[in-house]
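**Student:** The structure follows.
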Amino acid sequence: MPNILTQQEAINSIRIVQSSDCPELQTLMDAADDTIKSATGHDWSADETIDPSAKMAARLLIIHLFFGSPLLDSYGMYIGQLDGKVANGEVSQDTVYGGRQYGEKHI
């Protein structure tokens, strides 16, 4: 299954040398993808070309999960940009996910 970030992009985001330095790297990548899909209603990892805002949101989430640091406010900005693309029909809505129709505001 593809991810929003490549393994090398995730490695670079948390500034490790290789994936063996973080045995849970794939789990972090999957969690970021699932969280972004739940927040926006679109599976960004399935797109032929991954949206740069999805990549930035995934990077911020992986950093947050890996270091246990607060999630930066800019994460919400990127999610808002992605949600807007779904609402404007720039990308397809996949289906109802996380208890809401894609494109609806999330709390």
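The values are calculated or read from the model by the stated rules, or taken from the named source; none is laboratory data. No experiment lies behind these values; they were computed from the predicted model shown. Cβ sites come from the backbone with ideal geometry, for glycine too, and all protein chains shown count toward neighbours.
**Student:** Suppose we filter Val86, Val96 for residues that are of a type outside the set (Ser, Thr, Tyr), over 26 Å from Pro23 (Cβ atoms), at pLDDT below 90 and out of contact with any Pro (no Cβ under 6 Å at 6 or more places or on another chain); which single one remains?
**Tutor:** Details: Val86 fails: at pLDDT below 90.
So the residue among Val86, Val96 that is of a type outside the set (Ser, Thr, Tyr), over 26 Å from Pro23 (Cβ atoms), at pLDDT below 90 and out of contact with any Pro (no Cβ under 6 Å at 6 or more places or on another chain) is Val96.
**Student:** Just one of Thr40, Thr6 is surrounded by 12 or more Cβ atoms within 10 Å (Cβ to Cβ) and under 10 Å from the mean Cα position of the chain (by Cα); which is it?
**Tutor:** Numbers: Thr6 fails: under 10 Å from the mean Cα position of the chain (by Cα).
None of the others qualify; the one that does is Thr40.
**Student:** Also, I was wondering about something else. What tally of residues in segment 12-36 results from selecting those that are surrounded by fewer than 21 Cβ atoms within 10 Å (Cβ to Cβ), of a type outside the set (Gly, Ala, Ser) and within 10 Å of the chain's Cα centre (by Cα)?
**Tutor:** Of the residues in that region, 3 qualify.
**Student:** I've got another one for you. Among the listed residues Ala31, Ala54, identify the single one that is part of a helix (DSSP H, G or I), in contact with a His (Cβ under 9 Å, 6 or more places away or on another chain), in contact (Cβ under 8 Å) with a residue 24 or more places away in the chain and of a type outside the set (Ser, Thr, Tyr). First the steps, then the outcome.
**Tutor:** Numbers: Ala31 fails: in contact with a His (Cβ under 9 Å, 6 or more places away or on another chain).
Going through Ala31, Ala54 in turn, just one is part of a helix (DSSP H, G or I), in contact with a His (Cβ under 9 Å, 6 or more places away or on another chain), in contact (Cβ under 8 Å) with a residue 24 or more places away in the chain and of a type outside the set (Ser, Thr, Tyr): Ala54.
**Student:** Only one residue in Ile11, Ile4 is touching a Ser or Thr at 6+ places or on another chain (Cβ under 9 Å) and within 24 Å of Asn88 (Cβ to Cβ), so which one is that? Full working, then the answer.
**Tutor:** Numbers: Ile11 fails: within 24 Å of Asn88 (Cβ to Cβ).
Within the list Ile11, Ile4, the selection yields Ile4.
**Student:** Still on this model: For Leu71, work out the one condition from (1) under 16 Å from Gly89 (Cα atoms); (2) outside any helix (DSSP H, G or I) it doesn't fulfil.
**Tutor:** Every listed condition holds for Leu71 apart from (1).
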